[in-house]
Amino acid sequence: MTPTPSSSPAPDHDPAPRGLRWPRLIIVTLLAVIGIAGFAWLGTWQIQRLQWKTDLIERVDARVHADPVAAPGPEAWAGITRESDEYTRVTLSGTYDHADTVEVYTPSDYGPGYWVLTPLRRDDGTVVMVNRGVVPEDRALSDDYARPEGPVTVTGLLRISEDEGWLFSQDNDPEAGRWYRRDIGAMTEALGLPRAAPYFVDAEAGTDPEAWPRGGRTVVSFRNSHLSYALTWFALMLLVIGGYVLVLRSELRRR
């Protein structure tokens with residue numbers, strides 16, 4: 001009987017080194033380059049936005065606390081922009097036309113309320129819509145608020161027309177007299193005011209703190225989260241770099 005040859009013991013490891021898996025490595029490298037470049041660009045863009053937003057806040061703060069200047073006349077209307085003019089402190093004189101007052105619905109510190117926007121007719125024949133302030137809904141519905149007669153001088157902040165609504169906001173309905181945003185162009189057109197300024201003025205608070213409408217309700221604040229966004233993008237970039245290094249180490253160990 002022929003003896004069965006004994007089998008050789010298996011080696012502890014593969015004696016032949018395996019080569020790098022180039023297709024896999026090329027794909028991973030391309031994905032890593034795209035990810036690193038993309039996240040680096042997004043982080044850099046947010047840093048640029050941070051610088052822009054910081055500069056904007058400083059400029060607006062300077063405008064709000066500066067001495068008032070004359071409200072722009074017709075010769076300057078075409079050049080008015082949000083970046084260069086909004087929140088400029090201005091002053092203007094004229095006579096209110098209360099018959100053409102527009103009430104714009106707004107949530108307020110007093111519950112549901114309305115902005116009271118009244119045309120101010122100036123001596124040169126032009127008209128500027130003045131946001132005289134907010135009144136609670138019950139006072140607005142009963143017309144229970146002040147209506148100054150005769151010449152007045154108004155000091156306030158120049159505001160740009162709200163041509164577009166906010167998310168979930170309702171659309172204006174000029175024919176029904178329902179207004180939800182301060183779209184000055186639509187208002188002056190509905191009122192038939194041909195020589196109307198393209199901006200409006202948020203009036204400052206009056207001397208009587210109990211009077212309605214209540215002026216000085218402008219919220220001057222800007223969300224500035226660009227630094228946190230930048231840190232998030234740069235962190236993701238570092239995460240991609242770390243993952244790519246781990247893949248390279250794994251491939252080198254295989255070899």
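The values are calculated or read from the model by the stated rules, or taken from the named source; none is laboratory data. Only a predicted model underlies this, so the values are computations on that prediction, with no experimental measurement involved. Neighbour counts are summed over all protein chains in view; Cβ atoms, including those assigned to glycine, are modelled from backbone coordinates with ideal geometry.
What's the number of the only condition in (1) more than 26 Å from the chain's Cα centre (by Cα); (2) under 30 Å from Arg147 (Cα atoms) that Val90 fails to meet?
Val90 satisfies every listed condition except (1).
Restricting the first residue to the stretch 135-152 and requiring it to be assigned by TED's automatic domain parsing to the domain that holds Trp179, which pairs with a second residue that is among the hydrophobic types (A, V, I, L, M, F, W, C) meet a Cβ separation below 7 Å and a spacing of at least six or different chains?
Pairs found: Val135/Val116; Val135/Trp212; Arg139/Trp212; Tyr145/Val116; Tyr145/Val135; Tyr145/Trp212; Ala146/Ala211; Ala146/Trp212.
Determine the pairs where a residue that is exposed (fewer than 11 other Cβ atoms within 10 Å of the Cβ), located within the stretch 16-33, has a partner that is at pLDDT 60 or above with Cβ atoms under 7 Å apart, the partner being 6 or more residues away or on another chain.
Pairs that qualify, where the first residue is exposed (fewer than 11 other Cβ atoms within 10 Å of the Cβ) and the partner is at pLDDT 60 or above, are Pro17/Arg255; Arg18/Arg254; Arg18/Arg255; Gly19/Arg255.
In the stretch 111-131, which residue that is surrounded by fewer than 17 Cβ atoms within 10 Å (Cβ to Cβ) and touching a residue at least 40 places away in the same chain (Cβ under 8 Å) is farthest from Asp183 (Cα to Cα)?
The qualifying residue farthest from Asp183 (Cα to Cα) is Asp124.
Tell me whether the stretch 170-187 contains one or more residues that are among the acidic types (Asp, Glu), farther than 30 Å from Arg21 by Cα, buried (at least 16 other Cβ atoms within 10 Å of the Cβ) and touching a residue at least 24 places away in the same chain (Cβ under 8 Å). Before you say what the answer is, go through the steps one by one.
Keep residues of the stretch 170-187 that are among the acidic types (Asp, Glu), which gives 171, 173, 175, 183.
Next, only the ones that are farther than 30 Å from Arg21 by Cα stay: 171, 173, 175, 183.
Keeping just the survivors that are buried (at least 16 other Cβ atoms within 10 Å of the Cβ) gives 183.
Then drop every residue that is not touching a residue at least 24 places away in the same chain (Cβ under 8 Å), which leaves none.
For the stretch 170-187, residues among the acidic types (Asp, Glu), farther than 30 Å from Arg21 by Cα, buried (at least 16 other Cβ atoms within 10 Å of the Cβ) and touching a residue at least 24 places away in the same chain (Cβ under 8 Å): absent.
Search the stretch 132-168 for residues being closer than 15 Å to Thr91 by Cβ and of a type in the set (A, V, I, L, M, F, W, C), and hand back the single one that is surrounded by the fewest Cβ atoms within 10 Å (Cβ to Cβ).
The selected residue is Val152.
Identify all residues within the stretch 64-85 that are touching a residue at least 40 places away in the same chain (Cβ under 8 Å) and assigned to a helix (DSSP H, G or I); write none if there are none.
If the condition is that a residue be touching a residue at least 40 places away in the same chain (Cβ under 8 Å) and assigned to a helix (DSSP H, G or I), then Val64, Pro74, Trp77, Arg82, Asp85 are the ones that fit.
For the stretch 95-110, name all the residues that are of a type in the set (Asp, Glu), under 18 Å from Ala176 (Cα atoms) and outside any strand (DSSP E or B).
Residues of the stretch 95-110 of a type in the set (Asp, Glu): 97, 100, 103, 109.
Subset that is under 18 Å from Ala176 (Cα atoms): 100, 103.
Hit for the stretch 95-110 is Asp100, nothing else.
What single numbered condition from (1) in contact with a Pro (Cβ under 9 Å, 6 or more places away or on another chain); (2) acidic (Asp, Glu); (3) under 24 Å from Asp67 (Cα atoms); (4) free of Cβ contacts under 8 Å to residues at least 40 places away in the same chain fails to hold for Asp97?
(3)
Kindly provide the set of residues from the stretch 209-255 that are basic (Lys, Arg) and not in a helix (DSSP H, G or I), ordered by number. Lay out the reasoning, then the answer.
Here is the first cut: in the stretch 209-255, the residues basic (Lys, Arg) are 214, 217, 223, 249, 253-255.
Those that are basic (Lys, Arg) and not in a helix (DSSP H, G or I): Arg214, Arg217, Arg223, Arg255.
Do you know which residues across the stretch 1-33 are within 19 Å of Gly243 (Cα to Cα) and either at pLDDT below 55 or outside any helix (DSSP H, G or I) (or both)? Can you show your working first?
Of the stretch 1-33, the ones within 19 Å of Gly243 (Cα to Cα) are 20-33.
Hits for the stretch 1-33 are Leu20, Arg21.
Looking at Gln46, is it closer than 30 Å to Leu246 by Cα and not aromatic (Phe, Trp, Tyr)? If you could, list the steps in order and put the result at the bottom.
Details: closer than 30 Å to Leu246 by Cα: yes; not aromatic (Phe, Trp, Tyr): yes.
Yes.
Taking the stretch 34-68 only, how many residues are loosely packed, with under 12 Cβ neighbours inside 10 Å, at pLDDT below 85 and of a type in the set (Asp, Glu)?
2
If I ask for residues that are more than 16 Å from Trp233 (Cβ to Cβ) and under 17 Å from the mean Cα position of the chain (by Cα), which ones from the stretch 31-52 would you list?
Selection gives Trp52 alone.
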